[in-house]
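Derivation of every value follows stated rules applied to the coordinates shown; laboratory data play no part. Everything numeric in this text was worked out from a predicted model, so none of it was measured. FYI the Cβ positions are ideal-geometry reconstructions off the backbone, even for glycines, and counts take in every protein chain you see.
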Amino acid sequence: MKVLVIGKGGREHALVWKLAQDERIEAIFAAPGNPGIGELATCVPVGETEIAELVAFAKEEAIDWTIVGPEAPLVEGVVNAFQAAGLNIFGPTREAAAIEGSKQFAKQLMDRAGIPTADYAVFTDENAAIAYVERQGAPIVIKADGLAAGKGVTVAETIESAREAIRHVFSGEYGEQSSVVIEECLVGEECSLMAFVHEDIVVPMVLSQDHKRAFDGDKGPNTGGMGAYSPLPQFNEERLTQEAVERILQPLVDQMAQEGIPFTGFLYAGLMLTANGPSVIEFNARFGDPETEVILPRLETPLLSVIETLMEGRVPRLSWSLQAAVGVVLAADGYPESPETGRELTLAFPKDLLVFHAGTKKADGLLKSAGGRVFVCVGLGDSPREAAEKVYANIPEQSGLFYRKDIAQKAIRTV
């Protein structure tokens, strides 16, 4: 079989890495891929949002399955285009991907489905949004309505920082944004629950926890994610997963099907575990990043088999390793506001680590940084402590990169 993975980051490297373990797959392509992916697959010089070119390539190479990594091509309709061409692709349509493409759409959909989430208001006028914040007080959460590469969310601790966040949204810092969503600030611990979904079938994965803040101790600005780990021994995972599926994921997909926009693909729910149970912070229409890099190493079932079973309308049985995975992001200095790129990378990674390229490129025969998040290093062990010790003992030093040194500490302190 031939498989095409769309994307170029750490998530897509992890997808390719997992697919490469499947003996049924004879060839893997990635568009556009990255140098790390290129060690396992054939990289194709087609951008992830060059939809017509992606369709043409899949036809020409007789690709059996295409798997979409990032959100932008989903929101732009890559699944619609592949389906119209009669090509197998796993991911939500443009209409269903709006659960990530528009936070306003997602919140209103949750309202209709009765899904627990933070109270909110939506504004298209900057001054009206600022006046609302001044009435509500802080802390408060400011979200750019559209796609913002994981960086359009500000947890404002003060009124002034909320005003600044609103100004950033309307100034175009996160791309063209016509509205802002302002939410109450929920209190609790966060976790990520992803699921394989096809219409009314929801198959949950194991839980993980992302670390959004740039610096140790959850300090600094929000990022796309500075690390993640799985499992979460501080929770009763089985009970929490069951509750989240029953109260959140299943009602969501049922509501979407009822409204004529059924969801198929990787569904991500960012959850806040409040005193009243799990509440939705956000939905994504794809695998989380860097959660993918700690979830897929624990998945023992071949990924493509899961997708094929699901698309046949059957419920796949998932097998998970009992090992823990701890992933640490190596980010470029200046990330997330103004990451330094183009730096030559000379790291020599030991074999004890899984290393996924997140933002790298080859230039003049040299490996160089090409994004804010450059690598994701993953350690595996019999416990979160062992996995964390392995990853931190083996991260090589590289000038121009920084990383958090406290990933998975909540789990380590629990056991």
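Taking a Cβ cut-off of under 10 Å around ARG11, the surrounding Lys, Arg, Asp and Glu residues balance to a net charge of -2, with basic ones at +1 and acidic ones at -1. Shape class of the stretch 167-253 from the Cα gyration tensor (axes a ≥ b ≥ c, square roots of the eigenvalues): oblate, since a/c reaches 1.5 or more and a/b does not exceed b/c. Beta bridges from DSSP with both residues in the stretch 1-158: antiparallel share about 20 percent, rounded to the nearest 5. With the highest mean first, a sort of the peptides 284-295, 132-143, 350-361, 117-128 on other beta-carbon atoms found within 10 angstrom per residue produces 284-295, 350-361, 132-143, 117-128. Spin-label model, ASP125/LYS219: points 7 Å from Cα along the beta carbon direction are separated by 4.0 nm. For the pair ALA62 and ALA393, label points projected 7 Å from Cα toward Cβ lie 4.9 nm apart. Put simply, when 253-266, 16-29 are sorted by average Cβ atoms within 10 angstrom per residue, most first, you get 253-266, 16-29.
The listed peptides 321-333, 234-246, ordered by packing as a protection proxy, come out as 321-333, 234-246 (highest mean of other Cβ atoms within 10 Å first). Sorted from longest to shortest, the spans of the Cα atoms of the chain along the three principal axes equal 59, 49, 43 Å. The stretch 74-123 and the stretch 186-255 have their alpha-carbon centroids 18 Å apart. The stretch 339-365 and the stretch 5-39 have their alpha-carbon centroids 16 Å apart. Percent of C-alpha pairs per 10 Å bin in the stretch 2-93, short distances first: 19, 57, 24, 0. Annotation: the residues HIS198, HIS13, HIS211, HIS168, sorted from fewest to most other C-beta atoms within 10 Å of their own C-beta, follow the order HIS168, HIS198, HIS211, HIS13.
In a fully extended conformation the segment linking THR49 and GLN21 would gain 7.4 nm over its present Cα-Cα distance, using 0.36 nm per residue. Taking max minus min of the alpha-carbon positions on each principal axis, the stretch 189-311 gives extents of 42, 34, 27 Å, largest first. Taking the inverse of the mean 1/r over every pair of distinct Cα atoms in the stretch 125-178 gives a Kirkwood hydrodynamic radius of 11.0 Å.
Projected label points at THR301 and GLU386, each 7 Å from Cα along the beta carbon direction, are separated by 2.5 nanometres.
With coordinates expressed along the principal axes, the C-alpha atoms belonging to the stretch 260-415 extend over 48, 39, 32 Å, beginning with the largest. Checked against a 22 Å cut-off, the cross-linked pairs LYS2/LYS351; LYS2/LYS59; LYS351/LYS410; LYS219/LYS405; LYS143/LYS219; LYS351/LYS390 give Cα-Cα distances beyond that limit for LYS2/LYS351; LYS351/LYS410. When the helices of the chain are scored as -39500 (n - 2.57) per DSSP H run of n ≥ 4 and the total is divided over every residue, the value at 222 nm lands at -8000 deg cm²/dmol.
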